[in-house]
């Protein structure tokens, strides 16, 4: 059986199961949507008022604009450097914001006890977790969109400045940049879900530390796989295999190299990563809801 | 008030266990209580007696080790129950970057009210709690009293039948306490069933129909204030202008227990002897300031109940 056939059978099984059990989950979903949306909206509004996120966005914008000062490079090199550096800045700051945002979202509600007034109302705990997650996704989407827009603006301006030069090889590769930024956002979304899961069972400090480790491991999954293949001991092999299976494969979302070096970008591999990430996120959010449901607040 | 039970707590026990305390700390110990429709019931007790833990279990915020709670005959896990209750948490924890208007709109939204209804509700509630003029002040810039009133308003967004108030006057100055007590009395007048948790006995005395005195996780005394305090134990006549010689004459009257500093204490059965005593005071050139039949205050009842529980345990 080919992997595609297995995926197809899996998808059919999921759809049929959902259709047969719709009487169980449909009312819960219908009830959940308004609550999730309201909690998401207030999460976004609160983040906007706190102004910390705006400060980070301004910092990234300054970094992106400052990269245009490398005028000693040839136009071709400069476009490569701008694309790679810009996408890297978006990745690093996006992931950092995701870690610090998601790690604090639920624990902060527990610490400031704002959760009491919400959970005493007709709001299920999974709705609260989902609302917080959707809120975080909206905040991160806005931030990634702003950073991407600035990168695109920088590339367009730079292109306009150098295109009349003789033998200019500047190539802004806007389509590739937009695709890479979008995939980067999906990676952030997957990581945010996992961080929220950890934050429901762990302290904020532990959540932040483990988030950085997961980010590192998730970005090196092919290396982890190779190391597992060549591990000396059975225990090391098992540990590496567990890491390979459990930690999301964030590197599958990373198209910086292909885009900045003008290599062929396989949109299908992006689609595969997206589907895997979606499945992974659904699982971690279900687990986060289960753990938060049993948590004494 | 009628006999319909709105809230029933049976055999409730909560033990907090951790790695370092495997035996656990018993916060609530086999607690039983019931609140009837339309009454104002207060749980009073010293800090650490298990009051807030009990409220949190009732609201489903934490889970009991044993026992059960039902509200309107159903579990708190049933979302329709939460449509009918309002909760004011201790120390008013609300999102501090938003103002009263925004906060109330958010909490009303959690009940699924449409925008027009929410706008009307926000106006009504801000008026009720006296926050109309400060509706745009961010929560973090509000005074303690304003915060507490806003927190009460958020507990009322669904016009609840049962209102659960955790230390509603905690941290308020006398004016704020008075204001909050007036609000609770107003809600009582509107027919709300109120479960109040407090250690301000004066406020409890003013607003409550029944009181449960909680100590070390259990209710050590429960009943209406008159049931708990019992009948007046004596008659007190406060006088002025009575000298020592006249005091001796008054003290010799039947039914008089003592005369000291112008205060005549008589046995509670001595009602018939009251008039001759008052005449004697008058003839001695004294003046009657007040005649009263005081009951023990809730403070006295509270101290007595706790002392009795401690003695029984010893």
Those residues of region A:40-55 that are under 20 Å from the mean Cα position of the chain (by Cα) and within 11 Å of chain B (Cβ to nearest Cβ) come to a total of 4
What number of residues within region A:239-297 are in a loop (DSSP other than H, G, I, E, B) and within 14 Å of chain B (Cβ to nearest Cβ)? 4
Please verify whether region A:66-89 includes one or more residues that are away from every other protein chain (no Cβ under 14 Å), under 18 Å from the mean Cα position of the chain (by Cα) and over 16 Å from residue A:171 (Cα atoms). yes
If a residue has to be within 8 Å of chain B (Cβ to nearest Cβ) and either under 22 Å from the mean Cα position of the chain (by Cα) or not in a helix (DSSP H, G or I) (or both) to count, how many in region A:19-37 make the cut? 0
Filtering region B:187-214 for residues that are crowded, with 19+ Cβ neighbours inside 10 Å, modelled with pLDDT of 90 or more and within 22 Å of residue B:32 (Cβ to Cβ) leaves a count of 11
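A quick yes/no check of all residues on (1) in a loop (DSSP other than H, G, I, E, B); (2) over 15 Å from residue B:287 (Cβ atoms); (3) assigned by TED's automatic domain parsing to the domain that holds residue B:205:
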position	(1), (2), (3)
B:239	no, no, no
B:242	yes, no, no
B:248	no, yes, no
B:257	no, yes, no
B:264	no, no, no
B:271	no, yes, no
Only one of these is within 26 Å of residue A:45 (Cα to Cα) and either within 14 Å of chain B (Cβ to nearest Cβ) or under 27 Å from the mean Cα position of the chain (by Cα) (or both): A:173, A:184. Name it. A:184
Sort out which residues of region B:264-286 are touching a helix residue (DSSP H, G or I) at 6+ places or on another chain (Cβ under 8 Å) and loosely packed, with under 13 Cβ neighbours inside 10 Å, and write them in order of number. B:285
Out of the residues in region B:32-71 that are in contact with a helix residue (DSSP H, G or I) (Cβ under 6 Å, 6 or more places away or on another chain) and touching a residue at least 60 places away in the same chain (Cβ under 8 Å), state the one that is farthest from residue B:4 (Cα to Cα). B:45
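The values are calculated or read from the model by the stated rules, or taken from the named source; none is laboratory data. All values derive from a computational prediction rather than experimental measurement. So basically every Cβ, Gly included, is an ideal-geometry build from the backbone, and we count neighbours across all protein chains shown.
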